[in-house]
Amino acid sequence: MFFLIWSFMSLPVIPLAANLDQSYVGTGLGWIGLLCLSSYGLWKTPNTRFLFVLLFAAVVVSWNLGLLYLQQNKNIFFVTIQKDLNYSDQRKVLDFIHQDSAGQPYRFEPFTIPSLHPEGWQYLRNYYYPNDNLNKDAKQIYIVIEKEVYPVWEDKWISDLGPTNLADARLFGLLRVQKRLVGKI
């Protein structure tokens, strides 16, 4: 009875303040307790153990589908209007840079949204390739540019690198990777 009262005690508040996450804490904890208590009661009933096995299988399948959809950047509730930054494409870009640099020092400059804030790329690069030889004075520079960037900005970003020559260009999804070598044009 305690869990039942706890589960419904703040339910009337939720429609009034649906965007406030703290409204769900009181109700959510009660629902979790009610779920645990009812699961324990159902587990003791001999005919319902099959339902728990079926529920567990459904959770495993949905978890795997969720991970698959995360890789493909589709059917996920947090997909934004920005389709350029796809996790699997970002991984392909980092894999290419790691293999192409072949252990040589390089400079990495991502020009993607949010512009001039490469923290997300730095995190991914440090997570997957923490031992890469990153150096601000390296002779090879890898830049990542989104497809839908204005040419004026692209030209400005490239000119800010100093005199460079385009050595290679690749496309991974909607992300363009350019390998540039420092030197006179």
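Here are a few things to note about the model shown:
- Selection from the stretch 137-149 of residues that are surrounded by fewer than 12 Cβ atoms within 10 Å (Cβ to Cβ) and modelled with pLDDT of 85 or more: Asp137
- Residues located in the stretch 39-50, provided they are assigned to a helix (DSSP H, G or I) and either loosely packed, with under 10 Cβ neighbours inside 10 Å or in contact with a Ser or Thr (Cβ under 7 Å, 6 or more places away or on another chain) (or both): Tyr40, Leu42, Lys44, Pro46, Asn47, Phe50
- Residue, surrounded by the most Cβ atoms within 10 Å (Cβ to Cβ), within the stretch 51-101, restricted to residues that are under 30 Å from Ile143 (Cβ atoms), modelled with pLDDT under 80 and of a type in the set (Phe, Trp, Tyr): Tyr69
- Helices (runs of 4 or more DSSP H) fully within the stretch 83-185 counting 3 or more residues that are more than 19 Å from the chain's Cα centre (by Cα): 87-101, 151-160
- Yes/no for Arg180 being surrounded by 13 or more Cβ atoms within 10 Å (Cβ to Cβ), free of Cβ contacts under 8 Å to residues at least 40 places away in the same chain and not aromatic (Phe, Trp, Tyr): no
The values are calculated or read from the model by the stated rules, or taken from the named source; none is laboratory data. Nothing here was measured: the structure is a model prediction, and the numbers come from that model. For neighbour counting, all protein chains shown are included, and Cβ atoms are generated from backbone atoms with ideal geometry for every residue, glycine included.
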